[in-house]
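Below is one structure, written out as C-alpha cells, with a few remarks after it.
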C-alpha cells in the first residue's frame, strides 16, 4: 500500500498539505474511497464529512466545487453564481488536464492549472472533513476552516 504514497499525484497533494500544516497527513485506506459513501465507510464517519471535489466548466474556464458527500451540487445555483448559462461538469480528460488527478482521487489542492474554488456552506456542519489526496485510496482530514484557508475557497450555498 505504501506504493500509493510514491505516486506523483499523491506526492503533489501531500507536499501542499505539509507546507500548509506539517501535522496534516495523507491517510492510505485499505479499501477505495472512490465515492463519498466508500470513503465514509472506510473512515467510519458521516458521508456528509466527505468532500467531493467536482470540476465544472463554462466556455474555456473551469472552477472546482467542494461539496459535502451527502449533497448534490446545484447547476442552477452555480450558473447564477458564475453569471453564466453554459455550465456543465468537466469530462474525465478535462479533469485530468486541469487538476492532474483522475476522477475518484481529485484533491481540492495541487491542481496543474490554477482554478477558482468554491466551497459549499454545508461542509461547515462538520468540524473535520476528509478530502481526496490524489488517489482513490488516499485522503486527508482537515478542519473545515483549515480547508477553506488551504484552498482559498469562497464559501456559498451550492447544493440542492
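Structure above, values below:
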quantity	calculated
Whole-number percent relative contact order across the chain, with pairs defined as alpha carbons under 8 Å at least 6 apart	28 percent
Label-point separation, residue 93 to residue 23 (7 Å along Cα→Cβ), nm	4.5 nm
Candidates 60, 19, 120: whichever shows maximal mean-square fluctuation once the chain is modelled as a Gaussian network with Cα springs under 10 Å	60
Antiparallel bridge percentage (DSSP; both residues within the chain; nearest 5)	70 percent
Among 64, 127, 43: highest mean-square fluctuation, GNM of the chain, C-alpha pairs under 10 Å	127
Point-to-point label distance, residue 8-residue 82, nm (Cα→Cβ direction, 7 Å offset)	2.7 nm
The chain: most fluctuating residue of 133, 42, 33 per GNM, C-alpha cutoff 10 Å	42
The chain - mean residue ellipticity at 222 nm from DSSP helices (-39,500 (n - 2.57) per run, n ≥ 4, rounded to 500)	-8000 deg cm²/dmol
Two-decimal log10 I(q)/I(0) for the range 2-156, as the Debye equation yields it once each C-alpha is a single scatterer, q = 0.08 Å⁻¹	-0.19
Range of Cα positions in the range 64-131 per principal axis (Å), largest first	32, 29, 19
Spin-label model distance (nm) - residue 34 vs residue 15, 7 Å beyond Cα toward Cβ	2.8 nm
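We did not get these values from a lab; they are worked out from the coordinates using the rules stated. As the structure is a prediction and not an experimental result, all values here were calculated from the model. Note that each Cβ is placed from the backbone with ideal geometry, even for glycine, and that neighbours are counted across all protein chains shown.
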